[in-house]
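Every number here is computed from the coordinates shown, using simple stated rules; none is lab data. Please read all numbers here as calculations on a predicted model, not as lab measurements. We place every Cβ from the backbone using ideal geometry, glycine too, and count neighbours over all the protein chains shown.
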Amino acid sequence: HPIPAPQTLTSLLPPSHSYRGLTLVLTFLCYTSYHLSRKPISIVKSQLHPNCSALGPNPHNDSNSTNWCSWAPFDGDNYKELFGALDNAFLVAYAIGMFISGIFGERLPLRYYLSGGMVVSGLFTALFGLGYFWDIHVLWYFIVVQVCNGLVQTTGWPAVVACVGNWFGKGKRGLIMGIWNSHTSVGNILGSLIAGVWVSSAWGLSFVVPGIIITTMGIICFFFLVEYPEDVDCSPPLHHVMTTSEKDPEAVTSNEGPLSLSGQSSADYSNSPKEPAEEPEAISFLGALRIPGVVEFSLCLLFAKLVSYTFLYWLPLYIVNVAHFGAKEAGDLSTLFDVGGILGGIFAGLISDYTGGRATTCCVMLVVAAPMLFLYNHVGQNGIGTSIAMLIICGALVNGPYALITTAVSADLGTHESLKGNARALSTVTAIIDGTGSVGAALGPLLAGLISPTGWNNVFYMLIAADVLACLLLARVVVKEARGWCGPMARQRGYVCS
């Protein structure tokens, strides 16, 4: 049974619209702090192995003449491979943990689960930075901290999407969650800026300060988050679109996919309120996989997230190497990719709400993203103006589909009509989709670390190939959406689409 909301909050706030606003703000700030704590590693990389010759003569006559200012064990020629190992320690643990996290999220109080995960994640984030103050130079310490942090951070995404899905129905979900999902980019931007303040002086603080921030947000979440509308005597949202057959109480519920005709009717419906004794059981892993569209969107997200996380972890280093900026300047410039991500997420949500075509919106953006990635690599560093414009465009096209799938699509599928009103599938479905995507998030930085010694051109060819594969995996759902649009228009003209 859900844990009741704090009584102090219940007495202070008016009805449901205020609670909805509170849920949006709190979950936004919570996941902003999650991403804020993940970003420093990409900023600090350039300081762990900087260009020592640019700092002047070597003050230590007995140390390596070219890498004397680097932080051991990242002072060798294999530093890129070690950076890749750090990234993958976090991302592989995150991908594995995500498949388990959603199952726990359906069975534990979300408020406890989310706030506890944030506090522990803050601890591990700070521990990475404390390696600077404790003068730790062994690789295993940083690897272990990254693995633990990756596992704990899986508490975040299924919990916040489930909370928002519990409060908001399908009508404007794409736009609302597109705006709300900007927390990912806002967190990356803030993480870059905060880490950049101390990266050149005491890089340990680049981790300690974000660790304190996410811990603080976890405590706030514990006291103020309201998990379910029923906890405060509010009506649950309308999740489904009513078809002709559903208007007849004797008709059988439609088994069509969640995206086929979602934009063709304005009449929503809600399942009958649950009796207190009829609490449904949480959905199984295999049961969630059988929901139409879950497999296709999960595999698409694998490749879309591969591209996004390669930029997240390697873009500052790419800018340093190609455009020859300093560590702080490269970190600041890389935030423009996330600015584009905010715009792309909002645009994708708005268009998909208007058209009813979540998959088609993702596919079009992915198709356009491929040539934009090619252009950024070849002309993106020709001037600061060009670089800014290309980073914003690429960020919008790469992160738009990623944002739409992990938010509105996950919520649509987690409240799919085939579940017959069982709302206890949101966390599991979200975890399956994001967990599969996290496999790509782990592969992207790993492949970038292995390929980058052969040239950055090859890294971008890999990203373009992943982008195309993401698009192809949605082909079946796109065809289904097109038939859904074609049917009503064709019937008005007296013929049937093939």
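Once you have a ≥ b ≥ c as the square roots of the Cα gyration tensor eigenvalues for segment 98-165, tell me rounded if a/c is under 1.5, and otherwise prolate or oblate according to whether a/b is larger than b/c. Prolate, since a/c reaches 1.5 and a/b exceeds b/c. At full extension, residue 458 and residue 367 could sit 30.8 nm farther apart than now, given 0.36 nm per residue minus the alpha carbon distance. The length gained by stretching the chain between residue 219 and residue 81 to full extension, at 0.36 nm per residue less their Cα-Cα distance, is 46.0 nm. In this simple spin-label model, placing a label point 7 Å from the Cα along the Cα-to-Cβ direction at both residue 100 and residue 139 gives a separation of 2.5 nm.
For the pair residue 483 and residue 375, label points projected 7 Å from Cα toward Cβ lie 3.6 nm apart.
Specify whether the C-alpha gyration tensor of segment 86-234 places it in the rounded, prolate or oblate class, a ≥ b ≥ c being the square roots of the eigenvalues: rounded for a/c under 1.5, otherwise prolate if a/b is larger than b/c and oblate if not. Prolate, because a/c is 1.5 or more and a/b exceeds b/c. In terms of the mean number of neighbouring beta-carbon atoms within 10 Å, the peptides 371-381, 36-46, 212-222 order highest first as 36-46, 212-222, 371-381. What FRET efficiency would be calculated for the residue pair residue 107, residue 25, taking the C-beta separation as r and a Förster radius of 41 Å, to the nearest 0.05? Efficiency for this residue pair is about 0.95.
Taking one quarter of the surface of the C-alpha convex hull of segment 278-359 gives a mean projected area of 8.7 nm².
Modelled spin labels at residue 289 and residue 197, positioned 7 Å past Cα toward Cβ, are 4.6 nm from each other. Which FRET efficiency value, to the nearest 0.05, is calculated for residue 472 and residue 389 with the Förster distance at 22 angstrom and r the Cβ-Cβ distance? That pair, residue 472 with residue 389, gives E of 0.20.
In a shell of Cβ-Cβ distance under 13 Å around residue 436, excluding residue 436 itself, what net charge do Lys and Arg (+1) and Asp and Glu (-1) give? Result for the neighbourhood of residue 436: -1.
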